[in-house]
Structure formats: C-alpha cells, structure tokens
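Structure, as structure tokens:
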Amino acid sequence: MKRLLSGIKPSGDLNIGGYVGALRQFVKLQEEYEGYFFVPDLHAITVPQDPKELRERSRQIAALYIAAGVDPVKNTIFMQSQVSAHAELGWIMETQAHFGEMSRMTQFKEKSDGKDAVSSALFTYPALMAADILLYQSTHVPVGEDQKQHLELTRDLASRFNNRFGKTFTIPEPVIQEIGARVMGLDDPSSKMSKSNPNKSSYVLLLDKPADIRKKFARAVTDSDMSVRYDWETKPAVSNLIELYAVFSDETIPVIERRYEGQGYGAFKKDLAEVVIAKLTPLQEKYEQLIKSEELDHILQDGARKASHEAQKTLDAAKRAMGLLTY
Ligand code: AMP
Ligand code: TRP
C-alpha cells in the first residue's frame with residue numbers, strides 16, 4: 001500500500017497558500033493512499049511561541065485538516081509531540097546529516113537572516129522533518145514547492161543510512177502539483193504568500209470572513225496591461241490570481257482566460273473572491289463545529305496511539321541497525 005505523510009506547522013493562521021499547495025492535495029490523494037497527517041508542533045517551537053497560542057493553533061490545524069475533507073476514520077491524524085519516536089529518530093538523523101548540506105538549506109537562511117539569536121533547532125529542523133517522513137515508511141509526501149529541498153535531503157539521508165546500515169527506510173517521493181505549488185503574495189508576485197508578511201492584505205487566511213476576502217482581492221496588485229492572461233514571465237501578478245481562480249473553481253486556465261477576455265480586472269477579481277468564498281464557507285462551518293468538540297481530541301488521541309505503534313517499529317529497526325540496544 002502506498003503511504004502518504006504530510007504536515008502543516010501550527011506557527012500562524014493558515015493561509016490559502018498552504019491550502020492550495022498542501023492541504024488540498026491531502027484531501028485529493030487520500031483515496032489512493034494510506035494517509036498520515038500530523039501537526040508538526042515540534043517544528044513550530046524552533047522559533048519562539050506563546051504556549052497558549054501554540055496549544056490553540058495546534059488544535060486549529062488538526063480541525064482544518066478534517067474540515068477541509070481529510071477523513072479521520074480512513075487516515076491517521078496526530079500531534080507530532082505526542083509520538084516521542086519523532087524526537088528520537090530526529091536525533092539519529094542529525095547524526096547522519098552533514099553540517100555542509102544542512103548549511104545549504106534555503107529555508108534556514110531565510111528564517112535566520114538578519115536575526116541576532118536563532119535556536120540551533122531551527123538549523124537542525126530538516127533532520128527532524130526527515131525523521132517524520134521516514135518513521136512511517138512513507139512513499140509519497142505532498143508539499144508546496146518551498147519544501148522540495150527538504151525532501152531531497154530526506155531522500156539523501158535515507159539512502160545514506162540504508163547504505164551504511166542495511167535497508168531500513170523507504171525512499172519517499174515528493175508530490176508537488178503543477179498549479180498552485182507556489183502561491184505568491186497578493187501585494188507582490190515575487191514573494192511567496194506567507195503569514196509572516198506584516199502586510200495583512202498580502203494573504204487570505206482559511207478562516208477569513210467573506211468581507212475581508214473581498215477586500216483583499218479588490219486590493220490585490222495586477223499588471224500593467226488590462227488583460228486577464230496567464231503568463232508568468234510578463235504578468236506574474238495576474239497569473240498568480242488566475243491559478244487561485246483555477247484551483248478554487250476547479251476550472252481550467254484557458255476557460256478562465258476566455259471568460260474574461262476584453263473585460264479588464266474588475267469583474268475578474270470580484271468573481272475570484274466569490275469562488276474562494278464559496279469553497280471556504282462550508283470548510284469554515286465544519287471547522288466551527290469541530291474546534292468546540294471533544295471529538296477532535298479523541299481523534300488526536302486515537303491518532304497518536306496508532307502513529308506511535310507504527311513509528312516504533314521503524315525506530316527500533318533503525319536503532320538495531322546502528323548497534324543501539326533495543327531490549
Ligand atoms: P507551513 O505553513 O509553512 O508549514 O506550510 C505548510 C505546507 O503548505 C507546506 O507543504 C508548504 O510547502 C505549503 N505552502 C505554504 N505556503 C505556500 C504557498 N504560498 N504556496 C504554496 N504552498 C505553500
Ligand atoms: N517543514 C514543513 C513546512 O515548513 C512542515 C513539515 C514538517 C513537514 N515535517 C514534515 C511536511 C514532514 C511534510 C512532511 O511546511
């Protein structure tokens with residue numbers, strides 16, 4: 001059976017970039033795979049977090065998985081920190097990772113750039129991510145474009161370990177879709193849509209109210225000529241909006257281009273807000289029910305039990321292979 005594993009950090013409110021790049025794929029792919037979807041809370045604490053907010057956001061991310069359509073019966077949904085094998089195999093992967101290759105990780109460079117004090121865990125984070133994936137013998141990992149480098153490192157570490165100690169880990173494949181792998185900011189098509197941007201109009205949150213969504217799309221930057229045409233070279237801002245339209249309406253890009261031919265941006269941006277709202281409204285309703293319920297905590301407790309059982313098998317195999325005692 002093919003196994004899917006992925007996670008979204010509880011480090012801020014989830015924006016539609018994470019939905020389009022990752023969460024939407026979880027829902028689509030769950031039919032064909034055995035799914036493990038976790039909340040990487042140990043990753044979130046590589047930067048300072050307020051304890052109360054972290055707790056709330058972690059539940060929020062799990063509720064959003066389910067509200068978006070990840071079936072908690074069919075899949076295993078859990079918190080990373082509740083399965084101690086992650087931290088343990090994370091350490092083991094650090095012993096296999098080279099300082100040089102870790103130093104080349106662009107996400108670390110971006111996140112540490114200009115800061116006086118960054119945690120050493122922010123630097124070793126990709127080794128923990130490798131452990132997350134390898135523990136479940138995952139065959140496929142759906143992520144946005146920005147995680148591709150971490151996936152390549154995971155594959156390298158798995159092969160290195162297998163070569164040294166005998167076959168222990170499955171080498172995973174990244175699953176990165178063509179449309180929506182990198183959603184750009186609404187204020188600037190040269191930077192990724194991100195919740196760390198201080199300009200709140202640059203991103204749409206999954207839990208934004210319809211009025212805010214309309215306002216943000218109305219303010220979104222466009223390109224100089226007035227045509228709704230898909231061309232990343234000359235029209236990056238509009239191409240970004242067209243991709244969002246395509247994803248949220250389940251229509252193809254040529255159909256959208258034809259609809260707005262000769263119409264300018266006004267009607268296009270208004271309709272874009274409506275297709276996004278139409279998709280997010282049912283998700284938000286489901287979320288509101290779940291976040292208040294104990295059902296969510298039961299799902300997570302159950303998930304942690306199942307995940308621990310599965311993860312322990314790989315952890316033990318890795319420890320044995322390396323010469324660590326496991327009795
Ligand atoms: P994060 O919220 O950083 O944990 O990201 C969660 C997932 O969403 C990862 O797979 C990212 O690659 C993906 N992602 C985050 N931001 C974007 C974006 N702007 N466009 C596409 N995918 C994204
Ligand atoms: N590093 C990912 C991000 O920043 C989150 C993550 C942690 C992850 N472990 C993972 C994603 C394992 C996929 C598989 O978005």
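Quick note: the coordinates plus some simple rules give every number you see, no bench work behind them. Quick caveat, the model's predicted, so the values are computed rather than measured. Backbone-built Cβ (ideal geometry, glycine too); neighbour counts: all protein chains shown.
Extension gain for Glu295 to Ser119 (0.36 nm times residue separation, less C-alpha to C-alpha distance): 59.9 nm.
Charged side chains reduced to their Cβ positions (Lys and Arg at +1, Asp and Glu at -1) give segment 200-288 a dipole of some 360 debye around its Cα centre.
For Glu173, the amide hydrogen comes within under 5 Å of the amide hydrogens of His140, Val141, counting only partners 5 or more places away or on other chains and with H modelled in the peptide plane. Taking Cα centroids, how far is segment 142-209 from segment 9-54 in Å? That distance is 11 Å. For segment 210-274, relative contact order (Cα pairs under 8 Å, six or more residues apart, normalised by length) works out to 41 percent.
An ellipsoid equivalent to the chain, defined through the eigenvalues of its Cα gyration tensor, has semi-axes of 36, 22, 18 Å when rounded to whole angstrom and sorted largest first. Computed over segment 200-288, the alpha-carbon pair-distance distribution with 5 angstrom bins reads 3, 15, 26, 25, 17, 10, 4, 2, 0, each value a whole percent.
Summing Lys and Arg as +1 and Asp and Glu as -1 over all other residues whose Cβ lies under 12 Å from the Cβ of Pro51 gives a net charge of -1.
The longest part of the chain holding none of the exposed loop trypsin sites (Lys or Arg not before Pro), meaning those outside H, G, I, E and B in DSSP with at most 13 other Cβ atoms within 10 Å, is 168-327. Charged neighbours of Val27, selected by a Cβ distance under 13 Å, balance to +1 (K, R count +1; D, E count -1). Each Lys and Arg Cβ is given +1 and each Asp and Glu Cβ -1; about its Cα centre, the chain then shows a dipole of about 380 debye.
Projecting the Cα atoms of Val204, Leu241, Ile256 onto the charge dipole of segment 200-288, computed from C-beta unit charges around the Cα centre, puts Val204 farthest toward the positive end.
The mean sequence distance of close C-alpha pairs (under 8 Å, at least 6 residues apart), as a share of the length of segment 139-271, puts its relative contact order at 19 percent. Across segment 1-131, Cα pairs under 8 Å and at least six residues apart give a relative contact order of 28 percent.
Among the chymotrypsin sites (Phe, Trp or Tyr not before Pro) within segment 75-164, not one is in coil by DSSP while having at most 14 neighbouring Cβ atoms inside 10 Å. Projecting the Cα atoms of Ser6, Pro189, Gln96 onto the charge dipole of the chain (Cβ charges, centred on the Cα centre) puts Gln96 farthest toward the positive pole.
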